[in-house]
Amino acid sequence: MSALFDLTGKTALITGSARGLGLSYAEGLASAGAHVVLNDIRSELLNESVQKLRQKGYQADGLAFDVTNEDAVITAFESLASKGLQVDILINNAGIQYRKPMVELELANWQRVIDTNLTSAFIVSREAAKRMIARGQGGKIINIGSLTSQAARPTVAPYTAAKGGIKMLTCSMAAEWAEFNIQTNAIGPGYILTDMNTALIEDKEFDNWVKSSNPSKRWGSPDELIGTAIFLSSSASNYINGQIIYVDGGWLAVL
Ligand code: NAP
Ligand code: GCO
């Protein structure tokens with residue numbers, strides 16, 4: 001049974017993983033045997049996180065690049081290849097939030113969220129898939145969606161549009177790459193206690209809304225996403241493609 005979820009011998013690139021959910025995914029996959037490559041824009045924070053994983057005995061490296069920069073992404077994959085590292089598992093986790101009513105929303109901020117939360121998944125996955133196909137050994141791609149892949153709330157339109165796009169981009173990747181034994185799926189976390197949501201957590205009214213709207217009556221914690229990430233990274237999910245798994249306490253399942 002444990003062999004189903006064993007990632008030994010696999011290299012996993014997790015974008016935006018110096019902190020938050022990305023770091024949880026990285027530590028989780030490392031604990032399952034993967035050699036994890038962390039990514040962030042800030043190299044200092046990235047190196048600190050890589051060291052923390054290494055001190056726990058895990059195989060971890062870091063690669064600082066901006067996932068919205070096509071040239072930087074291509075260079076990053078070439079750099080990994082020059083070190084003999086081929087990406088077997090990719091988690092497109094990097095993302096930002098920007099909250100403002102649409103009538104006040106600046107185009108530049110719309111574009112910045114779309115670029116980071118959606119277009120980057122295309123850019124990074126294209127480079128990973130090219131190399132997975134050329135190697136002929138298949139691979140795993142996990143896009144990170146959200147509750148907003150399925151439902152909206154006011155003031156987060158670019159984020160919601162991007163996460164809705166992530167859901168359908170996941171289907172497109174499955175449509176084009178499943179024949180090469182690449183399984184592409186998505187994770188849709190609910191409201192999780194990370195830096196992205198600090199303002200919401202500290203807002204009593206919003207905190208009450210989350211707890212009253214969710215049948216589990218609580219926020220999620222980052223470590224509650226790890227099992228789904230390992231599952232979708234492992235051979236246990238070899239016949240699952242184009243799906244999104246919501247890790248939301250049941251939020252989307254109830255009226
Ligand atoms: P977070 O705490 O704000 O961390 C986001 C990470 O992404 C940071 O490490 C950040 O780097 C990195 N990042 C941002 N832009 C980047 C870029 N252009 N290139 C490379 N890295 C970049 O967010 P989180 O809560 O962990 O969320 C992670 C992912 O899960 C996001 O896609 C988010 O939309 C999604 N998600 C989160 C929740 C939630 O409730 N927290 C729920 C559903 C989905 P820096 O450290 O340099 O800023
Ligand atoms: C917000 C939050 C949400 C969560 C998450 C929910 O402002 O509503 O940031 O977007 O981060 O995406 O699944």
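The values are calculated or read from the model by the stated rules, or taken from the named source; none is laboratory data. All figures in this text were calculated on a predicted structure; none of them were measured in a lab. Glycine gets a Cβ as well: all are built from the backbone with ideal geometry, and neighbour counts include every protein chain shown. SASA here: full protein model, heavy atoms, side chains in, ligands and nucleic acids out. Shrake-Rupley method; radii C 1.70, N 1.55, O 1.52, S 1.80 Å.
Results for (1) surrounded by 14 or more Cβ atoms within 10 Å (Cβ to Cβ); (2) within 12 Å of ligand 1 (Cβ to nearest atom); (3) among the small types (G, A, S), shown as yes or no for each residue.
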{"position": "L169", "(1), (2), (3)": "yes, no, no"}
{"position": "Q183", "(1), (2), (3)": "yes, no, no"}
{"position": "L193", "(1), (2), (3)": "yes, yes, no"}
{"position": "A199", "(1), (2), (3)": "no, yes, yes"}
{"position": "E205", "(1), (2), (3)": "no, no, no"}
{"position": "V210", "(1), (2), (3)": "yes, yes, no"}
{"position": "S234", "(1), (2), (3)": "yes, no, yes"}
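Scanning the range 122-153 for residues that are assigned to a helix (DSSP H, G or I) and touching a Leu at 6+ places or on another chain (Cβ under 6 Å) gives a single hit, A128. Look at G28 and say whether it is on the phi > 0 side of the Ramachandran plot and under 18 Å from the mean Cα position of the chain (by Cα). When the stated conditions are applied, G28 does not pass them.
Just wondering, is there one or more residues in the range 146-156 that are under 13 Å from the mean Cα position of the chain (by Cα) and buried (at least 19 other Cβ atoms within 10 Å of the Cβ)? Within the range 146-156 (the criterion being under 13 Å from the mean Cα position of the chain (by Cα) and buried (at least 19 other Cβ atoms within 10 Å of the Cβ)), the answer is yes, since at least one residue qualifies.
Of all residues in the range 16-29, count the ones that are within 18 Å of L80 (Cα to Cα) and either open to solvent by 10 Å² or more (accessible area, probe 1.4 Å) or within 16 Å of ligand 2 (Cβ to nearest atom) (or both). Count: 1.
Somewhere in the range 47-63, is a residue open to solvent by 30 Å² or more (accessible area, probe 1.4 Å), closer than 22 Å to I133 by Cβ and not in a strand (DSSP E or B)? Looking through the range 47-63, none of the residues is open to solvent by 30 Å² or more (accessible area, probe 1.4 Å), closer than 22 Å to I133 by Cβ and not in a strand (DSSP E or B).
One line per residue, one yes/no per condition, for (1) within 14 Å of ligand 2 (Cβ to nearest atom); (2) in contact with a Lys or Arg (Cβ under 9 Å, 6 or more places away or on another chain):
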position	(1), (2)
I96	yes, yes
P101	yes, no
W110	no, no
I114	no, no
R126	no, no
R131	no, no
